[in-house]
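Trainee: Dumping the structure here so I can ask a few things about it.
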Amino acid sequence: MIAVTEKTLSDLTRRVLAGTGIAANDAPAVAAGAPSQAHPLLLAALQDGWRMGDRP
Amino acid sequence: MSAAAFDLGLRLRAAADQHPVARRVTHPCAIAPHVVAVTATGRGAALTATVHTAASTVTVQGARAVLSALATAGVDLSTDEPPGLLVEDRRTLPALLSVARTISTDDALWPSAAAVGWWADRADIPGTSAVLNVPVLCAQAWATGAPPAAERHPRHWRRWLRARDTLDLWDRLLALDPAPLLRQIRADDEHSWNSWRDRASHDGGWRQHEHHRDAAVNLAVRCAAADVIAAATLTDPLGRVAAVHTGDVVSGTVLDVTDARLTLAVTRIDGRLRRDSPVEAFIGPPDRAVNPNLSGRVAGSAVAPDGTGLLTLRLGRASSQMVGSTVTVLPQRASMNAVKQARYTYGSLYGQRGSWLVTGKTPVPHRRDVPLEVLAAAAAADREDKK
């Protein structure tokens, strides 16, 4: 599971979500640390964005 | 929505690592070898500006003092290389322009005022090296662990990139790899600079209204430059990864190749590649650092009963050996001469004796989508004019 579930990031998640316009019905599942309940495309994008930190 | 989620993933990773995450590996704009960083507040006689170059930093007040400081920093019409203006906000350039417009042609500061006029003229060309908004460019190059609004502030970028000032931030951007497609935008900046110098030197006319033929050609150039910027982003390996989530880039596994028709099982069904649209492709995942070496058109798309997306392409060099490989498909890139072609093709058409611009005859409609950033820049300029 990606680190978006970490509690330390939840505040940032909420603030960033507010700025990026992610639909309200998907956002709570991610922000609350239950990304498995989010839409698969949203989760895939979230994971891919997270993994960009591993790329040069 | 998933593009926003991808963006969120970048920001969360940056926050977790307390380190910026790269959005691209290549320059986000054309590069000016000689730049001057200016921060200005106020207008007219109340104008205060800090002019910063590699050699010096001065803060001055008043219209003449500001233009004089720019002249000392090498901003005038005498240089063959057009100077680049580094700004941290959207207020500085209108403030400089407000004082440049007050300088008469017989004034010793006229060459510097005319150079400011050139900056204002080029500012809305996508990817230009004339006016470089450093926080915007940094946000195109990196993601930080903060909401997007925070990235509009230069202090935010100084903290995240451990930079001292705007010139230091510019050095960080210069350290990225060159983007070959963007050289044509720099070449057009140079062409425009030389035309501007002639115009300003011979008839002092840079403050006059733009001729409608020039306005039409410049609109075509803006559109071509926007296409080049979009293509440069998709040429960048990291830019391609992001573009998967906007649907501009599609990746999948080759299922079948028959008569140069290649069928891909794609990972996502929300791609934007439409039937008959020209495309380029290469073997490998989107972040593979290669240039596309296959080209063709989209033949069709479908969704299999099990929900798998299928994309069929007509590719000239498709072979059965590609079955099982990962292939990445993206829209056909803008030409390496797209901007030059726009300038000369439209310049020639509009300059003809029988041109509709000259004769006033109703033209045959020829339409294209105007890129959003061109519209936004025009709206901003319009708003500025009404102030």
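No lab work stands behind these numbers, since they all come straight from the coordinates. Because the structure is a prediction, the values reported are computed rather than measured. Don't worry about glycine lacking a Cβ; one is built from the backbone with ideal geometry, like all the others, and counts go over all protein chains shown.
Trainee: Cα atoms only: what Rg and Dmax, in Å, come out for region B:209-272?
Mentor: 18.2, 59
Trainee: Here is a further query. Within a 10 angstrom radius of the beta carbon, how do B:ASP236, A:ASP54 rank from fewest other beta carbons to most?
Mentor: A:ASP54, B:ASP236
Trainee: Can you bin the protein assembly as shown into rounded, prolate or oblate? Criterion: square roots of the alpha carbon gyration tensor eigenvalues sorted a ≥ b ≥ c, rounded for a/c under 1.5, prolate for a/b above b/c, oblate for the rest.
Mentor: Note, shape of the protein assembly as shown comes out oblate.
Trainee: Using alpha-carbon pairs under 8 Å, 6+ residues apart, how would you state the relative contact order of chain B in percent? Mind showing how you got there, number by number?
Mentor: Working: 691 pairs, mean separation 61.8, N = 387.
In percent, rounded to a whole number, it is 16.
Trainee: Out of B:SER192, B:SER104, B:VAL116, whose Cα points farthest toward the positive end of the dipole of region B:77-208 (charges: +1 Lys, Arg; -1 Asp, Glu; placed on Cβ)?
Mentor: Going by the charge dipole, the pick is B:VAL116.
Trainee: Near the amide H of B:HIS27, under 5 Å away, which other amide H atoms are found, from residues 5 or more places off or on another chain, if H is placed in the peptide plane?
Mentor: B:ASP177, B:ALA179
Trainee: Assuming R0 = 30 Å, what is the FRET efficiency of B:ALA304 and A:ARG51, from their Cβ-Cβ distance, to the nearest 0.05?
Mentor: Taking R0 as 30 Å, the efficiency between B:ALA304 and A:ARG51 is 0.65.
Trainee: Another question, if that's okay. Calculate the spin-label point distance for B:LYS361 paired with B:GLU210, positioning each point 7 Å from the Cα along the beta-carbon direction, and give it in nanometres.
Mentor: The modelled label-to-label distance comes out at 2.7 nm.
Trainee: Using a 10 Å cut-off around each Cβ, can you sort B:PHE6, B:PHE282 from fewest to most neighbouring Cβ atoms?
Mentor: Ascending Cβ contact count within 10 Å gives the list B:PHE282, B:PHE6.
Trainee: Just subtract the alpha-carbon distance of B:ASP17 and B:THR246 from 0.36 nm times their residue separation and send over the number in nm, one decimal.
Mentor: So the chain would gain 79.9 nm between B:ASP17 and B:THR246.
Trainee: In addition: What 222 nm value per residue comes from the helices of chain B, counting each DSSP H run with n ≥ 4 as -39,500 (n - 2.57) and dividing by all residues, nearest 500 deg cm²/dmol?
Mentor: -12500 deg cm²/dmol
Trainee: Given chain B, what percent of its DSSP beta bridges are antiparallel, to the nearest 5?
Mentor: Counting DSSP beta bridges with both partners in chain B, the antiparallel share is about 85 percent.
Trainee: Can you say what percent of the DSSP beta bridges in the protein assembly as shown, counting only those with both residues inside, are antiparallel? Round to 5.
Mentor: Taking every DSSP beta bridge within the protein assembly as shown, about 85 percent pair in antiparallel fashion.
Trainee: Continuing with this model, one more query. Given 0.36 nm per residue, what is the gain on full extension from B:ARG274 to B:LEU219 after removing their alpha carbon distance, in nm?
Mentor: The B:ARG274-B:LEU219 span can extend by a further 17.1 nm.
Trainee: Treating only the Cβ atoms of Lys and Arg (+1) and Asp and Glu (-1) as charged, compute the dipole magnitude of region B:1-159 about its Cα centre; round to the nearest 20 debye.
Mentor: My answer is approximately 660 debye.
Trainee: Now, a different point. Toward the positive end of the charge dipole of region B:231-387, about the Cα centre and with charges on Cβ (Lys, Arg +1; Asp, Glu -1), which of B:ALA265, B:GLY307, B:VAL279 goes farthest?
Mentor: B:VAL279
Trainee: Let me ask something else about it. Name the residue farthest towards the positive end of the dipole of chain B from the options B:VAL36, B:VAL217, B:ALA130, assuming +1 on Cβ of Lys and Arg, -1 on Cβ of Asp and Glu, about the Cα centre.
Mentor: Checked the options; the winner is B:VAL217.
Trainee: Using the beta-carbon distance between B:SER295 and B:ASP168 and R0 = 45 Å, what value does 1/(1 + (r/R0)^6) give for FRET efficiency, to the nearest 0.05?
Mentor: After rounding to 0.05, the efficiency reads 0.60.
Trainee: What relative contact order, as a whole-number percentage, does region B:145-262 give when Cα pairs under 8 Å and 6 or more residues apart are counted?
Mentor: Value for region B:145-262: 14 percent.
Trainee: Could you go through region B:68-74 in sequence order and give the Karplus-derived ³J(HN,Hα) for each residue, using 6.51 cos²θ - 1.76 cosθ + 1.60 with θ = phi - 60°, rounded to whole Hz, and x for Gly and Pro?
Mentor: Once rounded to whole Hz, the list reads 5, 5, 5, 4, 5, 7, x.
Trainee: In percent, what relative contact order does region B:1-132 have, based on Cα pairs under 8 Å that are 6 or more apart in sequence?
Mentor: Details: 190 pairs, mean separation 32.1, N = 132.
Relative contact order of region B:1-132: 24 percent.
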